[in-house]
Amino acid sequence: MTVLEIRDLHVTVETDAGTTPILNGVTLTVRTGETHAIMGPNGSGKSTLAYTIAGHPKYTVTSGSITLDGEDVLEMSVDERARAGLFLAMQYPVEIPGVTVTNFLRTAKTAIDGEAPAIRTWTKDVKASMKNLRIDPKFAQRNVNEGFSGGEKKRHEILQLELLKPQIAVLDETDSGLDVDALKIVSEGVNRAKEETDLGVLLITHYTRILRYIRPDFVHVMVNGRIAEEGGPELAERLEEEGYDRFIGDETPVDA
Ligand SMILES: Nc1ncnc2c1ncn2[C@@H]1O[C@H](COP(=O)(O)OP(=O)(O)O)[C@@H](O)[C@H]1O
Ligand SMILES: [Mg+2]
């Protein structure tokens, strides 16, 4: 079993207005086999948490810790984190001009496993995963995310998840911009990864819709860079009905 432990995490970011605190003491434990949903209003710090776990250089950890099986994640480079079994599906996946999907996947797999995958099985695995995710085989030769629709980008993120087989995956708003069919396909992909590899999932979502397809064991509500409330799946149902109003003060800008 693998355990991702986040303890009293404080994170700042540099803005035009100076150093701004975004996370103000986040504590969270995710084990393999568990699915945690992080919900919360826009701007509460959910993506900041995801980027901090992944090692994005814009975010500075001022105190607290992140460990994976006791190893200090904050001391690891971005690629060491990936090799240690962490995976991030970004809210806004980036385009990589000049790099085809095929090359990207093989390079990532090689980097993470420390050796190139055996060609025969690898090609078969890629084809099978693309088929499962209803990704047109032609996408293999396209540049990563270049001209992809929102839904295609999200399916490509899950393709990476299925092939790279991490221990713990952070999925940031993987449901955003998906129609119901695409949402089902993406959710099935996540559920397959959970079954096949006992994946631990940190599922970040503003809306409860995806939780109908990917059932969370735990639900955490993030407000102003802190976990304001925690519970089981019933908490998500309550949020579905009530929204985030009871967590939000009048001073909080609502941009959604
Ligand atoms: N790179 C950044 N530069 C400036 N401000 C940022 C940056 N990243 C996040 N923030 C600010 O931090 C707050 C939390 O953002 P974010 O983590 O994206 O929230 P969420 O994902 O919950 O919507 C917002 O007020 C946002 O403007
Ligand atoms: Mg976000």
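Each reported figure results from applying straightforward, stated rules to the coordinates on display, with no laboratory input. Only a predicted model underlies this, so the values are computations on that prediction, with no experimental measurement involved. Here the Cβ is made from the backbone with ideal geometry for all residues, glycine too, and neighbour counts use every protein chain on show.
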### Message
Which of the numbered conditions does Glu115 fail, given that it passes all the others? Conditions: (1) under 26 Å from Ala182 (Cα atoms); (2) part of a loop (DSSP other than H, G, I, E, B).
### Response
(1)
### Task
Among what's in the stretch 104-125 and is farther than 17 Å from Pro166 by Cβ and β-branched (Val, Ile, Thr), pick the residue that is surrounded by the most Cβ atoms within 10 Å (Cβ to Cβ).
Thr123
### Query
Restricting the stretch 85-108 to residues that are small (Gly, Ala, Ser) and in contact with a Lys or Arg (Cβ under 9 Å, 6 or more places away or on another chain), which is farthest from Arg142 (Cα to Cα)?
Gly85
### Task
Given the conditions (1) within 16 Å of ligand 1 (Cβ to nearest atom); (2) in contact with a strand residue (DSSP E or B) (Cβ under 8 Å, 6 or more places away or on another chain); (3) part of a loop (DSSP other than H, G, I, E, B), report the number of the one that Ile53 does not fulfil.
(3)
### Residue that is nearest to Ala182 (Cα to Cα), among those in the stretch 129-148 that are outside any strand (DSSP E or B) and of a type in the set (A, V, I, L, M, F, W, C)
Leu133
### Query
When only residues in the stretch 6-42 that are near ligand 1 (Cβ under 9 Å from one of its atoms) and under 14 Å from Asp172 (Cβ atoms) count, which is surrounded by the fewest Cβ atoms within 10 Å (Cβ to Cβ)?
Asn42
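To keep it simple, each residue is scored yes or no on (1) surrounded by fewer than 20 Cβ atoms within 10 Å (Cβ to Cβ); (2) over 20 Å from Leu49 (Cα atoms); (3) within 15 Å of ligand 1 (Cβ to nearest atom).
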| position | (1), (2), (3) |
| --- | --- |
| Asp181 | yes, yes, no |
| Gly189 | no, yes, no |
| Glu196 | yes, yes, no |
| Ala228 | yes, no, yes |
| Glu240 | yes, yes, no |
| Asp245 | yes, yes, no |
### Message
Looking for something free of Cβ contacts under 8 Å to residues at least 24 places away in the same chain, exposed (fewer than 15 other Cβ atoms within 10 Å of the Cβ), over 18 Å from Phe218 (Cα atoms) and among the aliphatic types (A, V, I, L, M) - is there at least one such residue anywhere in the stretch 77-89?
### Response
no
